[in-house]
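What follows is a short report on a single structure.
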Amino acid sequence: MYLKEGCSLLLKVQKPIIPFVLNTNLNGNVLLKAPNLATEIKESDVVKRLRRESCVPLALHFFKSIANSNVFKHTPLTFEVMIRKLAMDGQIDSVQYLLQQMKLQGFNCSEDLFVSVISVYRQLGLAERAVEMFYRIKEFGCDPSVKIYNHVLDTLLGENRIQMIYTVYRGMKRDGFESNVYTYNVLLKALCKNNKVDGAQKLLVEMSNKGCSPDAVSYTTVISSMCELGMVKEGRELAERFEPVASVYNALISGLCKDHDYKGAFDLMREMVEKGVSPNVISYSTLINALCNYGKIEVSFSLLGQMLKRGSHPNIHTLSSLVKGFFVTGTTVDALDLWNRMIRGFGLQPNVIAFNTLVQGFCSHGNMEKALAVLSHMEENGCSPNIRTYGSLINGFAKSGSLDGAADIWNKMLTDGCSPNVVVYTSMVQALCRHSKFKEAESLIEIMSKENCAPSVPTFNAFIKGSCDAGRLDWAEKVFRQMEEQYKCPPNIVTYNELLDGLSKTNRIEEAYGLTREISMRGVEWSSSTYNTLLHGSCNAGLPGIALQLAGKMVVDGKSPDDITRNMIILAYCKQGKAERAVQMLDQVSCGGSKWRPDVISYTNVIWGLCSSNCREDAVILLERMIREGIVPSIATWNVLGRSFILDDT
C-alpha cells in the first residue's frame with residue numbers, strides 16, 4: 001500500500017500572462033503568416049482571421065504582428081474582437097492593456113464590450129475588479145447605462161457581496177437611471193439569498209408601485225426562498241396574487257416535498273392541470289426525487305407513467321432519482337438495470353451527477369467492485385470524476401475496511417489533479433484509524449492545515465472514535481487536546497460522547513464522570529447518547545445505583561428515554577437485585593401504558609436478573625411470554641438460562 005502524503009502534487013496552474021508591446025515603429029518583416037501584403041489589408045480580413053483562430057496565443061501573435069507592421073492600423077472593431085477573445089480566455093491583464101491602448105489611440109469602447117469584460121470578471125470570481133472597471137468606463141469613452149449597471153449588480157450577486165450591491169444600486173438611482181425588471185430581479189435574489197424574505201416581498205410591492213410589473217422570475221425567486229425557509233403556506237398565498245406559471249408551482253411542490261407533504265404536492269400538480277399549466281419535467285422529477293429519497297419506488301414509477309402519458313420525457317435528474325430510490329430500498333441489481341434501460345430508451349447522456357449517484361449507491365451497499373466499474377465507465381465516456389466521486393469511493397473503502405482501496409483512490413485523485421476537501425480528508429482519516437495507523441492519520445490532519453483545508457469537528461471525531469474503538473485512548477486524548485489548543489476547533493457533544501464511550505469501555509468511569517463536568521462547564525448540552533453511554537458504563541462498572549440516578553436526571557433534563565435507555569434501566573435494576581422492578585417495566589407495556597416495545601435485549605436482561613435472584617421458574621415463564629409475543633430468543637438468552645440451570649444442578 002502506497003499513500004502519497006498530502007497534496008504536494010497539487011499545484012494551482014494559472015494561465016500565463018502573455019506580455020506584449022504594440023510598437024508601430026517596427027519593420028513590417030515581423031509580420032508572420034499575415035494576409036498578402038501586396039494590397040492593403042482590410043479591416044474585415046483582420047476581423048475574420050481573429051475570429052477564425054481558435055488558439056488565443058496565435059490570435060494574439062497575429063494581432064501584435066499586424067500592429068507592428070506598416071500595412072494596417074487597428075480599428076475599434078479589431079481591438080474589440082481581440083479583447084473579447086482574451087477575456088473569454090481569462091487573460092484579464094492583457095485585456096486591461098488593450099483597453100489602455102484603445103484609450104491612448106482615442107478610440108471609444110462600446111457598451112457591449114464592457115458588458116463582455118464584466119461578464120468574464122463574474123466567471124472568474126473577480127467582483128471587486130469588475131466594480132473597479134465599471135467606475136473607470138468613462139475614461140474609455142463609454143457612459144454607464146442600466147444594462148452595464150445590471151451586469152455589475154449580477155456579478156456582485158454571484159459572490160453575495162450584498163453591501164456592495166446596495167452601494168452600486170444607490171449610485172444607479174443617484175445617476176438618474178430607472179430600474180428595470182432585470183435590476184429588481186437581481187435585488188430580489190440578493191435579498192432571498194440572505195434570507196431577507198420580508199424585504200423581498202416589500203420590493204415586489206415597490207416594483208408594482210413604480211410601474212415595473214414583476215415577472216415569473218421575480219415571483220419564483222421569492223416563493224422559492226419562502227419554501228426553503230418552510231413558509232410554504234405563505235408562498236401559496238403570494239402565488240395566488242398573479243397568473244400561475246410552472247416555475248412557481250415547481251417551487252411550491254419542492255417546498256411541500258421538503259415538509260413530507262406528498263399528498264399536498266400531488267394536489268398541487270392536479271391544480272396545475274386544472275388551471276391550464278402543464279407540469280413539466282422539473283415538476284415530476286422534484287416529486288419523484290422526494291419519493292425516492294424515502295424508498296417509495298412504486299409510487300415514483302406510477303408518477304413516471306403519468307409523466308410519459310402527458311408527453312413529458314424524463315431527464316437525467318429523473319433517472320438519477322429513480323436509481324437512488326432502488327439503492328434506498330436495497331435493490332442494487334434493479335438500479336443498474338433501470339440505468340441501462342433508460343439510457344438506451346430515452347437517449348440520455350449521463351453527467352457526473354448521475355454517475356455519482358451510481359457510485360454512491362454501490363459504495364453505500366459495500367459493492368466496491370461495481371463502484372469501480374462505474375468509475376471506469378464514466379472515464380471511458382469522457383466524464384471526469386469530481387471530488388464527490390472520489391469522496392464516495394474513499395468513504396466506501398474506509399467503511400468496508402480496505403485501506404489499500406482507499407489509498408489507491410486517494411493517489412488517483414491527486415494524480416488527476418483533484419484537490420481533496422475536508423470531507424474526503426475525514427474519510428481518509430477514518431480509514432487510517434480503522435487500521436490503527438494513528439501516526440499517519442495525525443500527519444494527514446497536519447497536512448490538511450498546511451494545505452489551507454482546516455480540519456473540522458467531524459475530522460477529529462473520526463480520529464477519536466477510531467482510536468477509542470481500538471482501545472488506544474492515549475491517541476484519542478492527545479488529539480482531543482490538540483483539536484482546540486493547536487487547531488482552534490472546539491469539541492462538540494459528539495466528540496465528548498466518543499471519548500466517554502472509550503473511557504466507559506475501559507472501566508475508567510470516574511474519569512468519564514470527570515469529563516461530564518467539563519461538558520457542563522462549557523455549556524454543551526448533553527444528548528441522549530451521552531446519557532446512554534454513561535448508563536452503560538455505570539452498569540458495567542457495578543454502579544447500578546448511579547445509573548438509575550442518571551436515568552432520573554435524564555428525564556428531569558427533558559430528554560426522552562429511548563430503547564437503549566430503557567434496556568440500560570432494566571439492566572441496572574437487575575444488577576441491584578430488583579428484577580421485580582424490571583418485570584414491572586415489561587408489564588407496563590402489556591397493559592398499554594407505554595409506547596416502548598421491548599426487544600430481545602430487554603427480555604434477556606430481565607431473564608438474567610430473575611436467574612441471578614434464583615427465580616428460574618419466573619425466568620422460564622418470561623421466556624414463554626417472549627416467544628408468544630413473537631420475539632425470537634438469541635444465543636445470549638439461551639446461554640443465560642443454560643448457565644443458570646447448570647449451576648443449579650451442580
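The values are calculated or read from the model by the stated rules, or taken from the named source; none is laboratory data. This structure is a prediction, so every number in the text was calculated from the model and none was measured. Cβ placement follows ideal geometry from the backbone for every residue including glycine, while neighbour counts extend to all protein chains displayed.
Some observations on this one:
- Residue that is modelled with the highest pLDDT [pool: residues in segment 97-140 that are of a type in the set (Ser, Thr, Tyr), closer than 21 Å to Leu156 by Cβ and out of contact with any Lys or Arg (no Cβ under 7 Å at 6 or more places or on another chain)]: Tyr135
- Matching entry among Phe266, Phe355, Phe301, Phe326 (being touching an Asp or Glu at 6+ places or on another chain (Cβ under 9 Å) and assigned to a helix (DSSP H, G or I)): Phe326
- The one condition in (1) within 21 Å of Asp112 (Cα to Cα); (2) crowded, with 23+ Cβ neighbours inside 10 Å that Leu188 fails to fulfil: (1)
- Qualifying residue in segment 50-60 (condition: on the phi < 0 side of the Ramachandran plot, over 49 Å from the mean Cα position of the chain (by Cα) and modelled with pLDDT of 85 or more): no
- Restricting attention to segment 275-304 and to residues that are among the small types (Gly, Ala, Ser) and surrounded by fewer than 18 Cβ atoms within 10 Å (Cβ to Cβ), the residue that is farthest from the chain's Cα centre (by Cα) turns out to be Gly276.
- Counting the residues of segment 329-352 that are within 28 Å of Ala407 (Cα to Cα), assigned to a helix (DSSP H, G or I) and at pLDDT below 90 gives 4.
- Test: His317 is outside the structural domain of Lys258 (by TED's automatic domain parsing) and outside any helix (DSSP H, G or I): no
- Near pairs, Cβ below 9 angstrom, 6+ apart or cross-chain, from segment 456-475 (within 19 Å of Thr506 (Cβ to Cβ) and assigned to a loop (DSSP other than H, G, I, E, B)) to any residue that is among the β-branched types (Val, Ile, Thr) and modelled with pLDDT under 95: Gly471/Thr506
- Selection from segment 143-179 of residues that are closer than 14 Å to Glu128 by Cβ and not in a helix (DSSP H, G or I): Glu159, Asn160, Arg161
- Test: Gly537 is surrounded by fewer than 21 Cβ atoms within 10 Å (Cβ to Cβ) and either free of Cβ contacts under 8 Å to residues at least 40 places away in the same chain or under 33 Å from the mean Cα position of the chain (by Cα) (or both): no
- Selected residue (criterion: surrounded by the most Cβ atoms within 10 Å (Cβ to Cβ)) from residues of segment 555-568 that are touching a residue at least 24 places away in the same chain (Cβ under 8 Å) and part of a helix (DSSP H, G or I): Met568
- Screening Arg161 with (1) surrounded by fewer than 17 Cβ atoms within 10 Å (Cβ to Cβ); (2) charged (D, E, K, R); (3) under 29 Å from the mean Cα position of the chain (by Cα) gives one miss only, at (1).
- Residues that are buried (at least 19 other Cβ atoms within 10 Å of the Cβ) and closer than 17 Å to Cys257 by Cβ within segment 305-314 comprise just one, Met307.
- Which numbered condition Ala87 misses (of (1) at pLDDT below 85; (2) surrounded by fewer than 18 Cβ atoms within 10 Å (Cβ to Cβ); (3) among the hydrophobic types (A, V, I, L, M, F, W, C)): (2)
- Residue ID - modelled with the lowest pLDDT, chosen from residues in segment 559-607 that are under 15 Å from Asp618 (Cβ atoms) and among the acidic types (Asp, Glu): Asp587
- For segment 623-642, the candidate set comprises residues that are over 48 Å from the mean Cα position of the chain (by Cα) and surrounded by fewer than 19 Cβ atoms within 10 Å (Cβ to Cβ); within that set, the residue that is nearest to Ser602 (Cα to Cα) is Arg625.
- Selected residue (criterion: surrounded by the most Cβ atoms within 10 Å (Cβ to Cβ)) from residues of segment 411-440 that are in a helix (DSSP H, G or I) and either small (Gly, Ala, Ser) or free of Cβ contacts under 8 Å to residues at least 12 places away in the same chain (or both): Ala431
- Among the residues of segment 113-142, the ones that are surrounded by fewer than 19 Cβ atoms within 10 Å (Cβ to Cβ), in a helix (DSSP H, G or I) and of a type in the set (Ser, Thr, Tyr) come to 2 in all.
- For segment 569-578, the criterion of a residue being among the basic types (Lys, Arg), surrounded by fewer than 19 Cβ atoms within 10 Å (Cβ to Cβ) and farther than 25 Å from Ala541 by Cα is satisfied by no position.
- Looking across segment 195-213 at every residue that is surrounded by 14 or more Cβ atoms within 10 Å (Cβ to Cβ) and not in a helix (DSSP H, G or I), the one that is farthest from the chain's Cα centre (by Cα) is identified as Cys212.
- Residues satisfying the stated conditions in segment 90-112, i.e. outside any helix (DSSP H, G or I) and more than 17 Å from Tyr135 (Cα to Cα): Gly90, Gln91, Gln105, Gly106, Phe107
- Selected residue (criterion: surrounded by the most Cβ atoms within 10 Å (Cβ to Cβ)) from residues of segment 491-513 that are within 35 Å of the chain's Cα centre (by Cα) and of a type in the set (Val, Ile, Thr): Thr495
- Test for Ser613: is it crowded, with 21+ Cβ neighbours inside 10 Å and among the polar types (S, T, N, Q): no
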